[in-house]
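Shown next, in structure tokens, is the structure this report addresses.
The values are calculated or read from the model by the stated rules, or taken from the named source; none is laboratory data. Keep in mind the model is a prediction, meaning the values are calculated, not measured. Cβ: placed from backbone, ideal geometry, glycine included. Neighbour counts: every protein chain shown.
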Amino acid sequence: MEDKDIIALYWARSEDAIRRTAEKYGVYCGQIIRRVLGDGRDAEECLSDTWLGAWNAMPPQRPARLPPFLGRIARNTALDRYDYNAAQCRSGGFEAVLEELADCVGGTPMEEDFDLRRLGEAISSFLDTAAPAARLVFLRRYWYCDGVAEIAAGTGFSPSKVKSLLHRTRKGLREHLRKEGYDL
């Protein structure tokens, strides 16, 4: 089923929309959630919450591209659950990703020091200027929480090239954020 047809089902308030979405995007959204939370019951609950979030968002929203729209809902749902379960993080992988970015965005809680929307816009503007390979590797690592080996396998780069791209991109991001007025 085409994405526009699935969106039309949401707008028609047909319960078939959730079933069709789960069939087409269940694996995709599940991978995003498991990268943050690890396997388990929480991941399954977050996947169900993702479908509910899509149901509640459409209407009024009509996404131009359904996969990123659902991916954002899945990721935000997983991050909310991660915050709730912070003391019980099973995978440790997401914490490692956050530690890697700590040098770029500061060591104190961002809610105290940064306007998060402005920070997001600054990061997006930096990524708009990054080389396509660097942007792809950065997003796979820090948005999808992929491991270095997974990124290497998916891109054809060696693990050392992936690490190097990540290091240089974080360094460039840090410089960009300083130019934008962030005291790091």
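Filter the range 26-80 for residues that are more than 26 Å from Leu9 (Cβ to Cβ) and over 14 Å from the mean Cα position of the chain (by Cα); which is modelled with the lowest pLDDT?
Asp39
Specify which of the listed residues (Ile7, Ile32) is in contact with a Pro (Cβ under 9 Å, 6 or more places away or on another chain) and surrounded by 13 or more Cβ atoms within 10 Å (Cβ to Cβ).
On the way: Ile32 fails: in contact with a Pro (Cβ under 9 Å, 6 or more places away or on another chain).
None of the others qualify; the one that does is Ile7.
Checking Gly181 against (1) in a helix (DSSP H, G or I); (2) exposed (fewer than 13 other Cβ atoms within 10 Å of the Cβ); (3) at pLDDT 65 or above, which single condition isn't satisfied?
So Gly181 meets the others, but not (1).
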